[in-house]
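To start, the structure itself, in structure tokens.
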Protein chains: 2
Amino acid sequence: MSAHAHPDLTRNQTLVFGALAGSVGPLSAYSILDRLRGQGFRAPLQVYRALDKLIELGLVHRLESINAFVACRQPECETHGSIAFAICDRCGSVSEFADDGVTRRLEGWAKAEGFDLNKTTIELRGRCRACRVA
Amino acid sequence: MSAHAHPDLTRNQTLVFGALAGSVGPLSAYSILDRLRGQGFRAPLQVYRALDKLIELGLVHRLESINAFVACRQPECETHGSIAFAICDRCGSVSEFADDGVTRRLEGWAKAEGFDLNKTTIELRGRCRACRVA
DNA sequence: TTGCAGATGTTATAGCATTACACAACAATG
DNA sequence: CATTGTTGTGTAATGCTATAACATCTGCAA
């Protein structure tokens, strides 16, 4: 189901990734938990620990502005400095894209300021094309 | 204390803005509440309602990646499409800046995709120059 | 065998945000 | 004046998000 050849995930990590990969939109940690209760999940921490690892591996992204998570849809994800997300406030769909120009400018600012950049969050909120008309 | 000539704020809004303007770093809603208990604040909602209004007026920004709020430090804030924040993970300091190139590129993507852009979040996490050495 | 590192399970708790309901102040309107 | 609508307020309860603390287990390397 994954677009990546990901290294050996544990059972919990596999289940959490599967839940995200099988979802059309982003999921909150607690809704992941609910989907996995049938597989033996009982506590939030089981989800959060798996998510931490999956994010570290680059297989999952966290959407800060909605406290939710998505499986990475972009195979080249790792090669880009920063990824941007467009989140539709009506249907919840998420588009993932990379813009090297944006990355360059933000990295340029950081360099000029002496800011040791660790992670960049770029999230656009609004209405996707389909929901725009409706 | 404000750099803006802001329209008539209510008592609660004034108090919340004052708390943020008088703080060196960002504050969470609950820490604002604690600072204002002496002024009669008792419930989170009093803070959140004031914050909503202040954000709407452009006097306060929400930092999505740390669930906190800052008073706007940038007088020209309104004239720029999007504002970026650099948050130091060590000392908590926040730098606010606008980059028109970044704004243009993100707006360009939105236009090309037919995405009706409402709000843009750009947050850089890392270490500020001062904390970099330490 | 011992020891370590990583993953797991469980309970409890901390931190962030909103719903629901009641009331007050005020302006605009008839 | 009475009415109506809008905005802000106060309060209690609740819901959602995330982590701390502690015990256990598994696999692997020394």
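The values are calculated or read from the model by the stated rules, or taken from the named source; none is laboratory data. These figures come from a predicted structure and were not determined experimentally. Cβ sites come from the backbone with ideal geometry, for glycine too, and all protein chains shown count toward neighbours. Just so you know, the surface numbers come from the protein's heavy atoms only, side chains and all, with ligands and any DNA or RNA stripped out. Shrake-Rupley method; radii C 1.70, N 1.55, O 1.52, S 1.80 Å.
Here are the numbers:
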item: Folded to 0 to 90 degrees: helix A:100-113 orientation relative to chain A principal axis, Cα; result: 70
item: Gyration tensor (Cα) of the protein assembly as shown, equivalent ellipsoid semi-axes in angstrom; result: 32, 23, 20
item: The protein assembly as shown - charge dipole about Cα centre, Lys and Arg +1 at Cβ, Asp and Glu -1, debye rounded to 20; result: 740
item: Computed P(r) (all Cα pairs; chain A; 5 Å bins; percent); result: 2, 10, 19, 19, 19, 15, 10, 5, 2, 0, 0
item: Chain A: angle of helix A:11-21 to the longest principal axis, Cα-based, in degrees nearest 10; result: 60
item: Fraction of antiparallel bridges per DSSP, chain A only, in percent to nearest 5; result: 65
item: 7 Å along Cα→Cβ, label-point gaps from B:G58 to other copies, nm, shortest first; result: 3.9
item: Using a 7 Å Cα-to-Cβ projection, A:A112 label spacings across copies, nm, ascending; result: 2.4
item: Nearest-ten-degree value, helix B:44-56 long axis tilted from longest Cα axis of chain B; result: 40
item: Angstrom value of the Kirkwood radius, inverse mean 1/r, which spans all Cα pairs in the range B:4-73; result: 11.8
item: For B:R11, inter-copy label distances in nm, listed shortest first [label point 7 Å out on the Cα-Cβ vector]; result: 5.9
item: Pairwise FRET efficiency - B:T14 versus A:D34, Cβ, R0 = 51 Å, nearest 0.05; result: 0.75
item: Partner chain coverage, peptide B:106-113 - average Cβ within 10 angstrom; result: 3
item: Heavy-atom accessible area per residue - the protein assembly as shown, 1.4 Å, Å²; result: 53
item: Computed lengthening from A:C131 to A:S93, 0.36 nm per intervening residue step minus Cα-Cα distance; result: 12.7 nm
item: Distance histogram for the range A:77-133 (every C-alpha pair counted, 10 angstrom bins, percent rounded to whole numbers); result: 23, 41, 25, 11, 1
item: B:H80 - accessible surface, heavy atoms, 1.4 Å probe, Å² rounded to 10; result: 50
item: Lysines with Cα under 27 Å of B:K119, excluding same-chain neighbours fewer than 8 positions away; result: A:K111, A:K119, B:K53, B:K111
